[in-house]
Amino acid sequence: MEKENLRDKKITENLNFKLWLKSLSPTLLRRCRECGEYTLNQSKCPRCGGSVYTPIPPKFSPDDKYAKYRRMMKEEAEKRSKS
């Protein structure tokens, strides 16, 4: 009986965490590159001190203003990896 209660509690906590993550503004949420923890801190991870990034890709737009620059950066990265 106790194992079932513990399992149900973990499931509920996990569900609550996922709902909490969805409720946050995507621009506020950051993820650590080192340990993978989510944080609201915009400069560094509070757990390990690693750098953080926005884990959500930019919104799609047919009028992509930066597509040219992304392609240029991709080509440049491919050239560097070949040499």
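Applying the criterion of being modelled with pLDDT under 75 and within 18 Å of Pro58 (Cα to Cα) to the residues of the range 1-33, the residue that is farthest from the chain's Cα centre (by Cα) is Ser23.
Would you mind telling me which numbered condition in (1) touching a Cys at 6+ places or on another chain (Cβ under 6 Å); (2) exposed (fewer than 12 other Cβ atoms within 10 Å of the Cβ) Cys48 fails? Condition not satisfied by Cys48: (2).
Quick check: anything in the range 34-42 modelled with pLDDT of 85 or more, in contact with a strand residue (DSSP E or B) (Cβ under 8 Å, 6 or more places away or on another chain), surrounded by 10 or more Cβ atoms within 10 Å (Cβ to Cβ) and more than 21 Å from Trp20 (Cβ to Cβ)? Yes, because at least one residue in the range 34-42 is modelled with pLDDT of 85 or more, in contact with a strand residue (DSSP E or B) (Cβ under 8 Å, 6 or more places away or on another chain), surrounded by 10 or more Cβ atoms within 10 Å (Cβ to Cβ) and more than 21 Å from Trp20 (Cβ to Cβ).
Selection of first residues in the range 57-80 that are closer than 21 Å to Thr27 by Cβ and of second residues that are part of a helix (DSSP H, G or I), restricted to Cβ pairs under 9 Å at least 6 apart or on distinct chains, gives the following pairs, ordered by first then second residue: Asp64/Arg70.
Taken together, the residues in the range 51-76 that are among the small types (Gly, Ala, Ser) and surrounded by fewer than 10 Cβ atoms within 10 Å (Cβ to Cβ) amount to 1. For the range 52-62, state whether one or more residues are part of a strand (DSSP E or B) and β-branched (Val, Ile, Thr). Checked against the condition, which is being part of a strand (DSSP E or B) and β-branched (Val, Ile, Thr), the range 52-62 yields at least one hit. Kindly check whether there is at least one residue in the range 44-61 that is at positive phi and at pLDDT 85 or above. Yes; the residues of the range 44-61 include at least one that is at positive phi and at pLDDT 85 or above.
The values are calculated or read from the model by the stated rules, or taken from the named source; none is laboratory data. The structure presented is a predicted model; accordingly, all values stated were derived computationally and were not measured. Note that each Cβ is placed from the backbone with ideal geometry, even for glycine, and that neighbours are counted across all protein chains shown.
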